[in-house]
Each structure stands twice: as C-alpha cells, then as structure tokens.
Amino acid sequence: MATFSASQVMEHQSTDSCWVIYKNKVYNVTDFVIDHPGGRDIILEYAGTDITDVLGDESVHTHSDAAYELLDEYYIGELGNECSSNTSTPALSVNGSSDLDDDLTASTSSSSTSSSSTLSSTINNSFNNQVFSLKDKQGMKKSIVEKPVAKDNGFLDLRQPLFPQLWNATWSKDFYLEQVHRPRFVPYYVPYFSQPWLDVLSHTPWYIVPIIWIPFVCYQLWCSVNSYNGSPMGALEGFAGGVFFWTLLEYGLHRFIFHFDDWLPDHPIALLLHFTLHGIHHHMPMDRLRLVMPPALAALIGFPIIRSMHILFNTPMAHAMVAGAYFGYICYDCIHYYLHHAHVIRIHFGEMKRYHLAHHYKDFEGGYGITSKLWDIVFGTTLKT
C-alpha cells in the first residue's frame, strides 16, 4: 500500500484536491467535498490535516456510523514517518512542476532518479487494481485514487447494472432493508439497466423537472381562468389550495409509499419495486441523476390525483388545484436537489439541509418533510438534528 508523508497530504487543501488523515490512514475526499452533509466549509477547514479528533467531536459536526463507512471508500494509503530516511516504500505524489505534467513521482531519500520502469512496478505492486485518474474532464490536474466498490457487503456490485442484480437476487427482506439504508458514495455513474437506451429513462437531471412541468402548471391556470364560471381570483384561491395540498401529499408519499418498509412483502419483485421507487436514493443519496422524480413516474403518480381533483371540485377549481399541486411538486424536487448538492443559504434551508440529511444518515424512520417540518410536527415524526 502507498505511503504518504504529512507534508504531501498538506498539499491537498482545496476543492480540486482534498486529502485528510484519520487514524494514520490517508483519504482522498475530493469528490465528497461539495456533497458533505455538513457543508464543504467544515471539510476545507481541516483539509490536509489529521481529523481523528475532529471527526468524533460532536461540537463541530455529528457523524453517524454511515460517515465512517463512506470514509473507507476514499482510502488511498498510509501515513508514513517523515523522519525515517531509509524507508523502502515510496511516498507517492503528483509532480507539481507543470500544469500539463501528470507523472507520478516517487519521493525517496535514497534516490531521486528512479527509472520509470521501477516506478511502474512499484505502483502496480502497491496499488493492485486501483485506478489513477490524474485529470478531470476539464483537464484540471487532480489526483484521485479510486477503489473498486465491487464488494458491497454482499449486496450490490456498484460497478455493474443494478436491475439484473435485483431481478436475480435472493436476499431476504430484512437483509435488503438493512443494506439499502447503508449509504454509498461513488464518484462514477452507476447504470440501472444493461441497455443504454433503457437506462436513459432511469435518470433525470434536476432542470428537466421545471422545464417539463412549469408549462403544464401555466396551462392548468389558463384552463381555470377560461373555464365556465372561472375567474382570476378563483384560480388564485385554487392555486393556493393546491400548494397546501401538496405539502400534505409530499409527507404522505414519502412516509407511506416511499418508506413502505414495515408492510413490504418479502418477495424479490416487491424489493425490486421498493429499490426502484426510493431505495436507490437512500443507497446512493448523492447520485445527482437519480434524485428528482423522472417525468414518467411523476405523470403516473399524478394521474389519479388529477382525476380526483376533477371529481371533487368544479372544473375551474380542479384546474387551479392541479396547477398549485404541481407547482408545489416542482418546488419540492428542486429544493430536494438543492439540499443535497448546494451550499445552501442559512435562512430556513440550512436547517432543512441538516434535517433532511439526518433522515438519510441517522434515522430514516422519521423526518419525512423535505420542504418544511410542518407535517412531521403534526404527526410526531420530527427528527432531532
């Protein structure tokens, strides 16, 4: 295994390259900085240093067991003894002499002119099947040592398409629920389906939600105002009612449909549906492409709601209520993405980010509100953050 000196670790203190030390082990957490549940500032404050004491200090930031499991996925080597000049294990670093120089150099006291063949042999023997990626997509120099995550506690191989594994799985319900709520973070895309044309349907960029559904909201409002007995004031009242209805629907869907854990049948197909609907988000909570709801699923869930609105209310009110409910949904999905992946503003969203990520990393059996805690308070499912 590679050995790094403390001074080498200290060179990685930015969002482009962030390393930390924990119990004399070195971790490259670059890809996790932006998505850290406590915010990037906490990590960057201690970047390049030993975080052994800080990680257990709840006054700085509370960490769950999942945090330590996630940290293991970024392990790249051991902390060496800088004072030991005769060590035979080279400390690997990225040559910083040029922005275009991506060579790995061995830093040893016995020789500074090791041949490239010797270095290659050392790397191969030390790192086995680890993968070095020295440039990101923009060509920015970056050192990433990425461990294969093939072994996932006997659950899923995150290097392979997920659907075939779930389809052929023989896990028990108890094992599945234990594993699906163990967060995993991988810096690469994990396909759901084996066929690329089908896999496209399994992921959705966040901006697709407003692009598709805002025109639908506007159309529903137009129908409300221009329907028989419709009026702008009536449309506004119905719209407000629809938004309020969404807040309850958001809570109900999240608690009773997405987290149907206790009543989930112990059958492979039921586990597959659970994973597809919401389990994948809990297993890989930082997957940017599987956070918001795919349009097809949103339409499927929305259809009975739309029909119910038209049964319960007259036409102008039904259209306005649908517009308000879908506007609430747009806000929900965009806020959900914002909480997971943005450096949020402190007013309201700072607290909601801590609250929602506590649902992921501490206790998934509570904290079902995403945009607010309103219905958690009403129904007694509030989480402590």
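The values are calculated or read from the model by the stated rules, or taken from the named source; none is laboratory data. This one's a predicted model, so the numbers in the text were calculated from it and none came from an experiment. Because the Cβ atoms are built from the backbone with ideal geometry, glycine has one as well, and the counts that use them run over all protein chains shown.
Are any residues in the range 358-385 within 17 Å of Y332 (Cβ to Cβ) and without any contact (Cβ under 8 Å) to a residue 60 or more places away in the chain, and if so, which ones?
The answer is H359, G367, K373.
Taking the condition of being more than 20 Å from the chain's Cα centre (by Cα) and closer than 22 Å to Y338 by Cα, how many residues in the range 199-220 meet it?
7
Counting only residues that are of a type in the set (A, V, I, L, M) and crowded, with 16+ Cβ neighbours inside 10 Å, which one in the range 229-263 is farthest from V217 (Cα to Cα)?
Just the residues of the range 229-263 that are of a type in the set (A, V, I, L, M), to begin with: 233, 235-236, 240, 243, 248-249, 253, 257.
Checking the rest, the ones that are also crowded, with 16+ Cβ neighbours inside 10 Å come to 235, 243, 249, 253.
Values: A235: 12, V243: 12, L249: 17, L253: 21 Å.
My answer is L253.
Going by what's in this entry, would S194 be described as farther than 19 Å from L277 by Cβ and outside any helix (DSSP H, G or I)?
yes
Failed condition for V186, given (1) among the aliphatic types (A, V, I, L, M); (2) in a helix (DSSP H, G or I); (3) modelled with pLDDT under 95, with all others met?
Every condition holds for V186 apart from (2).
Name the residues in the range 261-295 that are farther than 26 Å from P205 by Cα and assigned to a loop (DSSP other than H, G, I, E, B), would you? Before the answer, list the steps.
Just the residues of the range 261-295 that are farther than 26 Å from P205 by Cα, to begin with: 261-270.
Hits for the range 261-295 are D261, D262, W263, L264, P265, D266, H267.
Looking at (1) surrounded by 19 or more Cβ atoms within 10 Å (Cβ to Cβ); (2) touching a Lys or Arg at 6+ places or on another chain (Cβ under 8 Å); (3) outside any helix (DSSP H, G or I), find the lone condition where V344 falls short.
(1)
Does any residue of the range 296-314 turn out to be in the same structural domain as F349 (by TED's automatic domain parsing), of a type in the set (F, W, Y), outside any helix (DSSP H, G or I) and crowded, with 16+ Cβ neighbours inside 10 Å? Steps first, answer last, please.
If we filter the range 296-314 for residues that are in the same structural domain as F349 (by TED's automatic domain parsing), which is where we start, we get 296-314.
With of a type in the set (F, W, Y) added as a condition, the list becomes 303, 313.
Checking the rest, the ones that are also outside any helix (DSSP H, G or I) come to 313.
This time we only want the ones that are crowded, with 16+ Cβ neighbours inside 10 Å, so: 313.
Yes, the range 296-314 contains a residue that is in the same structural domain as F349 (by TED's automatic domain parsing), of a type in the set (F, W, Y), outside any helix (DSSP H, G or I) and crowded, with 16+ Cβ neighbours inside 10 Å.
Restricting attention to the range 199-215, which residues are within 16 Å of C334 (Cβ to Cβ) and surrounded by 17 or more Cβ atoms within 10 Å (Cβ to Cβ)?
Hits for the range 199-215 are T204, W206, V209, W213.
For T49, which of the numbered conditions (1) among the hydroxyl-bearing types (S, T, Y); (2) touching a Ser or Thr at 6+ places or on another chain (Cβ under 9 Å); (3) at pLDDT 85 or above fails to hold?
(2)
Report, by residue number, each residue of the range 330-355 that is at pLDDT 95 or above and in contact with a helix residue (DSSP H, G or I) (Cβ under 6 Å, 6 or more places away or on another chain).
I330, Y332, D333
Given the criteria in contact (Cβ under 8 Å) with a residue 40 or more places away in the chain, under 15 Å from L177 (Cα atoms), assigned by TED's automatic domain parsing to the domain that holds F185 and crowded, with 18+ Cβ neighbours inside 10 Å, does H274 qualify?
Against the criterion (in contact (Cβ under 8 Å) with a residue 40 or more places away in the chain, under 15 Å from L177 (Cα atoms), assigned by TED's automatic domain parsing to the domain that holds F185 and crowded, with 18+ Cβ neighbours inside 10 Å), H274 qualifies.
Working only within the range 222-259, note down all residues that are of a type in the set (F, W, Y) and in contact (Cβ under 8 Å) with a residue 24 or more places away in the chain.
Within the range 222-259, the subset of a type in the set (F, W, Y) is 222, 228, 239, 244-246, 251, 256, 258.
Y228, F239, F244, F245, W246, Y251 - these are the residues of the range 222-259 that are of a type in the set (F, W, Y) and in contact (Cβ under 8 Å) with a residue 24 or more places away in the chain.
If you go through the range 367-379, how many residues are touching a Gly at 6+ places or on another chain (Cβ under 9 Å) and either over 28 Å from W263 (Cα atoms) or not in a helix (DSSP H, G or I) (or both)?
3
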